[in-house]
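The values are calculated or read from the model by the stated rules, or taken from the named source; none is laboratory data. Just so it is clear, the structure is predicted and the values come from calculations on it, not from any experiment. Here the Cβ positions follow ideal geometry from the backbone for every residue, glycine too, while neighbour counts run over all protein chains shown. Keep in mind that these areas ignore ligands, DNA and RNA; they rest on the heavy atoms of the full protein, side chains included. Shrake-Rupley method; radii C 1.70, N 1.55, O 1.52, S 1.80 Å.
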Amino acid sequence: MLKKYFIAGLLVWLPLIITIWIIELVVGTLDRTIDLLPPQLQPQGLFGVSIHGAGAVFALVIILVTGVLAANFLGARIVKVWEALLHRIPVVRSIYSAVKQVSDTVFSDTGQAFRKALLVQYPRMGVWTIAFQTGRPSAELESHLHDNMISVYVPTTPNPTSGFFLVMDRHEVIELDMSVDEALKYVVSMGVVAPSNWTTTELVAKES
């Protein structure tokens, strides 16, 4: 009986504690950006007290202002000059280029990364798992394959940040109606939190 009550209480508190921990981690990390300001312009210098979260607000303002500037012609030119300088630094060039390509693919409005949730057979035929379409194979890969191939990312459970990159035939994957967010929740929960709009009947209909 005590075990039953303990688990019931744990199910109430654990999601709340993890949520607070993640928020605290993100806000705490962003909060350190306030150190970029001169001491006299920081809350401690202006008001005599340290304001928790001021750095997070400052970081969000900087990101927003940077986005506004980068969206116009002059700002875009400045970004290009800045990137050209970074590409002249040997070690920084490799790291920056890789991160830039990934971020542009994932966050760009025109990118196709993680825009579709898929159902694929992996690691063998007859075993199905959730995957995400990340685009098309590179030109070099396509030169050795036929044209109907797509790039697929298969996340691991319960940590979707690690996984496997596969190149699959488009006809061998099933496009799901669930959103990417719903699919990620399904993966993280190890299949416990199933999307409300996805049923076994739908899957059979898709396969047929």
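Evaluating MET178 against the criteria (1) assigned to a loop (DSSP other than H, G, I, E, B); (2) hydrophobic (A, V, I, L, M, F, W, C); (3) open to solvent by 40 Å² or more (accessible area, probe 1.4 Å) leaves one unmet condition, (3). Tell me, which residue of the stretch 25-40 that is over 10 Å from PHE58 (Cβ atoms) and within 19 Å of the chain's Cα centre (by Cα) is surrounded by the most Cβ atoms within 10 Å (Cβ to Cβ)? Among those that are over 10 Å from PHE58 (Cβ atoms) and within 19 Å of the chain's Cα centre (by Cα), it is VAL27.
Considering (1) open to solvent by 70 Å² or more (accessible area, probe 1.4 Å); (2) under 14 Å from the mean Cα position of the chain (by Cα), the lone condition that VAL154 does not fulfil carries the number (1). For the stretch 141-180, the candidate set comprises residues that are polar (S, T, N, Q) and closer than 15 Å to ILE130 by Cα; within that set, the residue that is modelled with the lowest pLDDT is THR161. Among residues that are farther than 30 Å from SER97 by Cβ and open to solvent by less than 100 Å² (accessible area, probe 1.4 Å), ILE62 is not included.
Each row is one residue, and each column tells you yes or no for (1) at pLDDT below 75; (2) on the phi > 0 side of the Ramachandran plot; (3) not in a loop (DSSP other than H, G, I, E, B).
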| position | (1), (2), (3) |
| --- | --- |
| ALA76 | no, no, yes |
| VAL79 | no, no, yes |
| TRP82 | no, no, yes |
| SER103 | yes, no, yes |
| THR110 | yes, no, no |
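Within the stretch 114-136, how many residues turn out to be among the hydrophobic types (A, V, I, L, M, F, W, C) and open to solvent by 40 Å² or more (accessible area, probe 1.4 Å)?
Of the stretch 114-136, the ones among the hydrophobic types (A, V, I, L, M, F, W, C) are 114, 117-120, 125, 127-128, 130-132.
Right, trim to open to solvent by 40 Å² or more (accessible area, probe 1.4 Å) and you get 114, 125, 127-128.
Final tally of qualifying residues: 4.
Residue pairs whose Cβ atoms lie under 6 Å apart, sitting 6 or more positions apart in sequence or on different chains, and linking a residue in the stretch 169-196 that is in contact (Cβ under 8 Å) with a residue 60 or more places away in the chain to a partner that is open to solvent by 50 Å² or more (accessible area, probe 1.4 Å) and not acidic (Asp, Glu), are VAL180/PHE114. Screening the stretch 69-80 for residues that are under 26 Å from the mean Cα position of the chain (by Cα) and open to solvent by 90 Å² or more (accessible area, probe 1.4 Å) and picking the one that is nearest to ILE34 (Cα to Cα) gives LEU69.
Here GLY45 meets the list (1) open to solvent by 100 Å² or more (accessible area, probe 1.4 Å); (2) outside any loop (DSSP other than H, G, I, E, B) almost entirely, failing just condition (1).
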